[in-house]
Amino acid sequence: MRIKRWFSTYYQEVVLVLLSLVIFNRNMPSAANINPWTATPWVVSYENGFVSRGLLGTILSKLIPVVTLNNLHLVFTVVYLIFLLGLLIPLIIILRKVNRDDTLYKFMLFFILNPATVGMYANKPNFGRFDVFMILITIICLVVLSIKRHIWIIPVLMTLGMLIHEAFLFMYAPIILAATLFSFFWNGKSKSILINFGVSAFTLLSSFLVLQLFGKAGNLELSVFSEKIQAHADFPIAKDMLNMEYYFSTKEHISYVLEFLVRHNMVFGLIFALMILIPTFLLFKYAWSYVFKKYTSQRLVFMLLCLATAGPFILCTIGIDYGRWLSSFIFANFLIIFYLIYNKVIDIKELSKRFSKSFYYIYLLIMIMYVMLGSMTELLEFI
């Protein structure tokens, strides 16, 4: 009876955790099937000079001098479980704060089961990507802004995000900056928050310039750089990845993207993925239209928040990882909406009134689609 009573009280949390673990187990590749493009960055370090994305590889090299795929599989598994904790703990806190509303619970299920979120970074092509660290940094910054304590840590975390991956500037930094400005206007225009915004913006731009000017392996030939990286890995590293990330110019990136689009018929895969994600886009439309109509006097601030979620699309011109850019956009929207729900800007019961009955049928459809297709990688086979 006690267990039954406990489960009836906490079944929502239990279901969210179990679903997340099932998705992880279902998508996770074996050590032998780890993607070389996600494994290679983990053996790039500062040993041969300062390079972009070398922070995590430097830390790992201190622990494991020569990295094996089995080592990486263990590291990736631990990192992903921490990533799940970082997602689930704030969701459970929000769920408890908003009185376990059934609509909020469905919204969270939608987030967990969405093919562009939790399952995206557990599957073979994306398992071990640095994106999970950027998402965790974003969550911590939004939590800090929500509790209005220790906001000094935000510029530090954003610099850390840039050292992990410079794409952080476009993928998640915009929503942190926009949320900081929102907090400034929403919570009485505190000078400390405005100063924090200025410091964060400065550290971001400074980090980006330093990484662009000094973070390339330009003082070494590709063959020499590759050999030095290979010396720390007992698996074949992805030399194409090193060439593209450390030696390509912006013009070469754009040319490569255009050529790849034509050669692999990516447009058709992208259209198909967008069609699958229509229910998600409808959900975002309902949420943002609700905010714009309810807070007409502060529409500009909310418009900034909304536009900040589109930052990842800037990367479409220089990178072919369209599944990642879509995933980042969807993650950013979900995180901002949860942030607004926690701060009582969005009333989930009021928001649910905007959903037509047909929306729930669409919701069920995407759940079925998820079961059939798995994650964004199955939708975008070119990733």
Looking at (1) in contact (Cβ under 8 Å) with a residue 40 or more places away in the chain; (2) in a helix (DSSP H, G or I); (3) under 19 Å from Leu55 (Cβ atoms); (4) not β-branched (Val, Ile, Thr), which one does Met120 not meet, given that it meets all the others?
(3)
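For Ile112, indicate whether it is in contact (Cβ under 8 Å) with a residue 12 or more places away in the chain, assigned to a helix (DSSP H, G or I) and of a type in the set (A, V, I, L, M, F, W, C).
Details: in contact (Cβ under 8 Å) with a residue 12 or more places away in the chain: yes; assigned to a helix (DSSP H, G or I): yes; of a type in the set (A, V, I, L, M, F, W, C): yes.
In short, yes.
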Among the residues listed as Asn196, Asn123, the single one being closer than 30 Å to Met28 by Cα and either open to solvent by 10 Å² or more (accessible area, probe 1.4 Å) or of a type outside the set (Lys, Arg) (or both):
Asn123
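Of all residues in the range 146-165, which are crowded, with 24+ Cβ neighbours inside 10 Å and within 28 Å of Arg299 (Cα to Cα)? Please lay out each step first, then the result.
Pass one, the range 146-165, residues crowded, with 24+ Cβ neighbours inside 10 Å: 154, 158, 161-162.
Ile154, Met158 - these are the residues of the range 146-165 that are crowded, with 24+ Cβ neighbours inside 10 Å and within 28 Å of Arg299 (Cα to Cα).
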Restricting to the range 205-226, name every residue that is surrounded by fewer than 13 Cβ atoms within 10 Å (Cβ to Cβ), over 27 Å from the mean Cα position of the chain (by Cα) and part of a helix (DSSP H, G or I).
Ser223, Val224
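Check whether at least one residue in the range 55-63 is touching a strand residue (DSSP E or B) at 6+ places or on another chain (Cβ under 7 Å), among the hydrophobic types (A, V, I, L, M, F, W, C), surrounded by 15 or more Cβ atoms within 10 Å (Cβ to Cβ) and free of Cβ contacts under 8 Å to residues at least 24 places away in the same chain, and report yes or no.
Taking the range 55-63 as the starting set, the residues that turn out to be touching a strand residue (DSSP E or B) at 6+ places or on another chain (Cβ under 7 Å) are 60.
Those left that are additionally among the hydrophobic types (A, V, I, L, M, F, W, C): 60.
Restricting the remaining residues to those that are surrounded by 15 or more Cβ atoms within 10 Å (Cβ to Cβ) gives 60.
Next, only the ones that are free of Cβ contacts under 8 Å to residues at least 24 places away in the same chain stay: 60.
Yes, the range 55-63 contains a residue that is touching a strand residue (DSSP E or B) at 6+ places or on another chain (Cβ under 7 Å), among the hydrophobic types (A, V, I, L, M, F, W, C), surrounded by 15 or more Cβ atoms within 10 Å (Cβ to Cβ) and free of Cβ contacts under 8 Å to residues at least 24 places away in the same chain.
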Could you check the range 281-316 and list, in sequence order, the residues that are closer than 18 Å to Leu335 by Cα, of a type in the set (Val, Ile, Thr) and assigned to a helix (DSSP H, G or I)?
Val291, Val301
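What number of residues in the range 208-229 are without any contact (Cβ under 8 Å) to a residue 40 or more places away in the chain and out of contact with any Phe, Trp or Tyr (no Cβ under 7 Å at 6 or more places or on another chain)?
9
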Can you confirm whether the range 340-349 contains a residue that is in a helix (DSSP H, G or I), out of contact with any helix residue (DSSP H, G or I) (no Cβ under 7 Å at 6 or more places or on another chain), surrounded by fewer than 15 Cβ atoms within 10 Å (Cβ to Cβ) and touching a residue at least 12 places away in the same chain (Cβ under 8 Å)?
no
Residue set Phe202, Phe168, Phe248, Phe182; condition closer than 30 Å to Arg299 by Cα, without any contact (Cβ under 8 Å) to a residue 60 or more places away in the chain and surrounded by 14 or more Cβ atoms within 10 Å (Cβ to Cβ); output residue Phe168
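The values are calculated or read from the model by the stated rules, or taken from the named source; none is laboratory data. All figures in this text were calculated on a predicted structure; none of them were measured in a lab. When we count neighbours, we look across all protein chains shown, and the Cβ atoms used for this are built from the backbone with ideal geometry, even at glycine. In case anyone asks, the SASA skips ligands and DNA or RNA and just uses the protein heavy atoms, side chains included. Shrake-Rupley method; radii C 1.70, N 1.55, O 1.52, S 1.80 Å.
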